Amino acid sequence: MVMGLARGKGRATAQITADEKAFIEEYDAAIFVLGNFADCIVKEKVRLFESIEIPVIVVCGPDISSLPNCEALVCGVGRKAERMRRADEIAKLEETATAVSAADIQSAGC
């Protein structure tokens, strides 16, 4: 499932509604694709998942060493407007899948 949280106004809208949070938490893990600007991710976008109560995997463009409340971090992929087809892009998808598999997911057994 994919949910677009972009509001089209940049940093000022790095927020998540209670309904969006509840919807995300129906799943075993959440993957946030945050973009290409390190200062924006570190200072603003971390608020998006600070209260999410399931494992969070963050995918972003810049090389960031760590983020709070983040189970795994995959760097080297910013926002993409097209399908990922090249070998290096497919490798990043596999890295993301491995990060999700390795996350401490407490499945409800549904």
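The values are calculated or read from the model by the stated rules, or taken from the named source; none is laboratory data. A quick note: this is a predicted structure, and the numbers were derived from the prediction, not measured. Reconstructed Cβ throughout: ideal geometry from the backbone, glycine too, with neighbour counts over all protein chains shown. Accessible surface is based on the protein model in full, side chains and every heavy atom, while ligands, DNA and RNA are left aside. Shrake-Rupley method; radii C 1.70, N 1.55, O 1.52, S 1.80 Å.
Laid out as a table, the results:
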{"quantity": "Boolean, E50 is over 12 Å from the mean Cα position of the chain (by Cα) and acidic (D, E)", "calculated": "no"}
{"quantity": "Contacts under 8 angstrom Cβ, first residue in the range 81-95 being over 18 Å from V58 (Cβ atoms), partner surrounded by 10 or more Cβ atoms within 10 Å (Cβ to Cβ), 6 or more apart", "calculated": "I90/M84"}
{"quantity": "Filtered residues of the range 31-87 (kept if open to solvent by 70 Å² or more (accessible area, probe 1.4 Å), among the hydrophobic types (A, V, I, L, M, F, W, C) and part of a loop (DSSP other than H, G, I, E, B))", "calculated": "F37, A81"}
